[in-house]
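Working notes for the structure below.
The values are calculated or read from the model by the stated rules, or taken from the named source; none is laboratory data. On a predicted model such as this, the values are computed, not experimentally measured, just so you know. Neighbour counts run over all protein chains shown; Cβ positions are idealised from the backbone, glycine included. Heavy atoms of the whole protein, side chains included, go into the accessibility calculation; ligands, DNA and RNA do not. Shrake-Rupley method; radii C 1.70, N 1.55, O 1.52, S 1.80 Å.
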Amino acid sequence: MLDFDEELMNAEAPEDIKKMKAWMFQEQVSIQSKRDELQDLSRELQDLKRKLEREKNALEVREKMIKKRFDDNEIFIAKKQKIIEDAYQQLALDRKALECERLNFEHERSKYRRQKMSSPKPYQQYESGIYDSTSFFRGVDNDMALRKRYKELLKIFHPDNKCGDTKTLLLIQTEYENLKSRYYES
């Protein structure tokens, strides 16, 4: 590299000095333009860096929201699944209870049939075939239990139901009215 001061001292002609000054001016202009380009590039890089940081932060916030929503959905689904499992367990218990009640009813029915065949009654208000008027409200000891049992029997024996029977329903209503008057007189 040339030492500019040395060259300037060794220059003999004023033209050489002018050339050297022009060269030096061009170098300074070139250096300044390079410096300006570098500063512009540095500003652009800083702007790009800030923009990327903002985008990164926005994506992190969005990712957290999505993760939270996903976790909330997982919890919600787990709760729904637990409710459904509990409902199925309750349904299974209800089915078992209903089956036991049906078996008890069938047993009472067959027991009644055997009693009826062994001792037929000469008179009966209705021809129901298998029921008498004392078997429907067996074990009922108060007004509330009477009403509850009456509603249950209506649901079972109503003529609109599959296994409904009009004659049996009339027997139930007659027995209910008799027991109702007995409870209200007391």
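Okay, here's what the table says:
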read-out: In Å², nearest 10: area of CYS163 left accessible to a 1.4 Å probe; value: 90 Å²
read-out: Förster radius 22 Å - calculated FRET efficiency between ASP160 and TYR112 (Cβ-Cβ, nearest 0.05); value: 0.35
read-out: Length released on extending from ALA145 to PHE25, taking residue separation times 0.36 nm less the Cα-Cα span; value: 31.7 nm
read-out: Estimated FRET transfer efficiency (ASN57, GLN81; beta-carbon r; R0 30 Å; 0.05); value: 0.25
read-out: Accessible-area composition of the stretch 144-186, carbon plus sulfur, in percent [1.4 Å probe]; value: 52 percent
read-out: Carbon + sulfur, % of accessible area of the stretch 41-95 - ligands and nucleic acids excluded, 1.4 Å; value: 60 percent
